[in-house]
Amino acid sequence: MSVTLQNVNTTTAAASDAAILELLERLALDAGRAVMEVFHSGITVTDKADASPVTQADRAAEHVILEGLRAAFPDVPCVAEEETAEGVVPPELGRTFFLVDPLDGTKEFVRRHTDFTVNIALIRDGAPKIGVVYAPCTGRFFSGRPGRAEAFEARDGKPVSERHRIHVREGRQPLTIVASRSHRTPETDAFIKKVSAAEIVSVGSSLKFCLVAAGEADLYPRFGRTMEWDTAAGDAVLRAAGGSTHTLDGKPLVYGKRNQADDADFANPHFVSSGRIIDPAFIF
């Protein structure tokens, strides 16, 4: 599949959102196949400069994704986790760029849990507009573009079920909160404590966004460090499904953050993602 964007950083994209999403889905499926080959054959773990783990699966999946994106969109910048760790970052992002996390939940992957995901997102004007999240071990696949979010099942890099639309749900009692399995913080626990009679579901990686998007949960509070590639794809799916992600000052989480005075490039502040909560003041 060949998709082109004309002067994407200054004019409207020539490719339709549906065509872009189709490409991202294919690349995620291909990357998921590469991840599972490593999962079944043996995992070698090394540490990056920040002491976080990286495996050959991270690198193989990122290669698949970046090769496909750069062939289809040669003029659109790509910000990918492993390239960034090696100092390879586009000098300018412009209004439109890709964010790639080839294996979100590397710790889950190494522990042979099933929650790890492949994530690709297209950012426009600071907002995640198109995104795909694929959990190759469980087969769950989520995708979103403006006005439409879907889910389906995939195995061995191929869809095996019909697509169905997903939507966030109205807040209900008890609210269901999804929280990180590997990165719970005292601030997260304090937020959960103030939500009366909340049901807690622990899950890894960007699937937390997707559970809210699919109406399986109501809130995802994150009071710990994340990077933009960790959140962009899941956030895109959530927003397409009618949900939102806000920082603690009540403003939408934005992407493409560089030259931050108090943090690294692409680092996120704390945030809360939600479905259709009736009273936004409840969150903040």
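Values as computed for the structure displayed
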quantity: Unique residue being among the charged types (D, E, K, R), under 18 Å from ARG276 (Cβ atoms) and either in contact with a strand residue (DSSP E or B) (Cβ under 9 Å, 6 or more places away or on another chain) or in contact (Cβ under 8 Å) with a residue 12 or more places away in the chain (or both) when the list is GLU170, GLU187; calculated: GLU170
quantity: Qualifying residue in the stretch 116-128 (condition: closer than 18 Å to SER273 by Cβ, outside the structural domain of PHE266 (by TED's automatic domain parsing) and in a loop (DSSP other than H, G, I, E, B)); calculated: yes
quantity: Qualifying residue in the stretch 86-101 (condition: outside the structural domain of THR231 (by TED's automatic domain parsing), of a type in the set (A, V, I, L, M) and under 18 Å from TYR134 (Cβ atoms)); calculated: yes
quantity: Residue match in the stretch 104-112 (condition: in contact with a helix residue (DSSP H, G or I) (Cβ under 7 Å, 6 or more places away or on another chain) and under 30 Å from ALA18 (Cβ atoms)); calculated: yes
quantity: Scan of the stretch 221-243 for residues that are of a type in the set (Gly, Ala, Ser) and modelled with pLDDT of 95 or more, ordered by number; calculated: ALA232, ALA233, GLY234, ALA236, ALA240, ALA241, GLY242, GLY243
quantity: Residue match in the stretch 62-78 (condition: in a strand (DSSP E or B), touching a Ser or Thr at 6+ places or on another chain (Cβ under 9 Å) and touching a residue at least 60 places away in the same chain (Cβ under 8 Å)); calculated: no
quantity: The listed residue being touching a Phe, Trp or Tyr at 6+ places or on another chain (Cβ under 9 Å) and surrounded by 14 or more Cβ atoms within 10 Å (Cβ to Cβ), out of GLU187, GLU162, GLU216; calculated: GLU187
quantity: Residue within the stretch 151-174 that is touching a helix residue (DSSP H, G or I) at 6+ places or on another chain (Cβ under 9 Å), small (Gly, Ala, Ser), part of a helix (DSSP H, G or I) and at pLDDT 95 or above present; calculated: no
quantity: From the options GLY157, GLY147, GLY126, GLY215, residue that is at positive phi and touching a Leu at 6+ places or on another chain (Cβ under 6 Å); calculated: GLY157
quantity: Top-ranked residue in the stretch 244-262 [being at pLDDT below 95 and charged (D, E, K, R); ranked as surrounded by the most Cβ atoms within 10 Å (Cβ to Cβ)]; calculated: LYS251
quantity: Sole exception among (1) part of a loop (DSSP other than H, G, I, E, B); (2) modelled with pLDDT under 90; (3) surrounded by fewer than 19 Cβ atoms within 10 Å (Cβ to Cβ) for ILE200, by number; calculated: (1)
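The values are calculated or read from the model by the stated rules, or taken from the named source; none is laboratory data. Keep in mind that what you see is a predicted model, and the values were worked out from it rather than measured. Using ideal geometry, Cβ is built from the backbone for each residue, glycine included, and neighbour counts are taken over all protein chains shown.
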